[in-house]
């Protein structure tokens, strides 16, 4: 039930897999508490009922990949007091940002029988490249605990308490053996922001960098270590070009590795 004077929340999708929106739905009991405090005015993943803005808080998932996206994000920003981007697609272009390093016209020609009907941009870019963003929540997908903290913080007019240290710190907290030191497993944990609970190292696998760069990533040192573990320059470039390929620190590390790769 909507109560007069409740803050209005809008949840919007751009180019993405919907996983971060599903994280909000996965909050289950906690989501009920959120709905007691806010009016969910627009959330197409959950309901076809839509109420017009303006919005007190807007959550935006996905990257900008079409001319229409450019128009929509400008409209959403104009209607939103606070705009929060959620997930790797919205904060760093997502896996689809691999198009930024290739020929999109060739992809379109090969994939579609009538490429002339496809309207797309040559790049996949994060939301902040186009409009001001008040907070970025990282992850692929995001962590529901962090999402609830960010929503509570902005509804309460305080700064969100979201950690920005590396996955290595989380590994220490959980008592995980370092997979890189103990087993020589390539791992992006030293340069990746925590938030996943050190899930992959907990299963003796290297971190894949789902949450993007931590606050002070020393990617040159890690790239050197990955090379010592036997990775070729093109392999080092590839590990940085995944979920967060357009995050500045990862993009710079990939470019540096690319200069050493064999043409």
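Where a number appears in this text, it was derived from the coordinates with a stated rule and is not lab data. All values derive from a computational prediction rather than experimental measurement. As a convention, Cβ positions derive from the backbone with ideal geometry for all residues, glycine included, and neighbour counts pool all protein chains shown.
With angles folded into 0 to 90 degrees, how steeply does helix 67-78 sit against the dominant principal axis of the chain? Use alpha carbons for both and round to 10.
The answer is roughly 60 degrees.
For the chain, modelled as a Gaussian network with Cα springs under 10 Å, which listed residue fluctuates most, 144, 13, 172?
172
Sort 180, 246, 231 so that the residue with the fewest other Cβ atoms within 10 Å of its own Cβ comes first and the one with the most comes last.
Ascending number of Cβ neighbours within 10 Å: 231, 180, 246.
Order by neighbour count: 229, 32, 83, 59, fewest other Cβ atoms within 10 Å first, most last.
By the 10 Å Cβ count, ascending: 32, 229, 83, 59.
Counting other beta carbons within 10 Å of each residue's own, what order do 55, 208, 117, 112 fall into, fewest first?
117, 112, 208, 55
Give the angle, between 0 and 90 degrees and rounded to the nearest 10, that separates the Cα long axis of helix 144-155 from the longest principal axis of the Cα atoms of the chain.
For 144-155 against the chain, the angle is about 50 degrees.
With springs only between Cα atoms under 10 Å, which of 106, 61, 170 fluctuates most in a Gaussian network model of the chain?
Result: 106 has the largest fluctuation of those listed.
Is the shape of the chain rounded, prolate or oblate, going by the alpha carbon gyration tensor and its root eigenvalues a ≥ b ≥ c, with a/c under 1.5 for rounded and a/b larger than b/c for prolate?
Oblate, because a/c is 1.5 or more while a/b does not exceed b/c.
Would you give the gap between the C-alpha center of region 152-225 and the C-alpha center of region 86-106, rounded to a whole Å?
22
Ranked from highest to lowest mean number of other Cβ atoms within 10 Å per residue, what is the order of the peptides 22-28, 150-156?
For the peptides 22-28, 150-156, the packing ranking is 150-156, 22-28.
Between helix 219-228 and the chain, what is the angle of the helix's C-alpha long axis to the longest principal axis, kept within 0 to 90° and rounded to the nearest 10?
Around 40 degrees separate the two axes.
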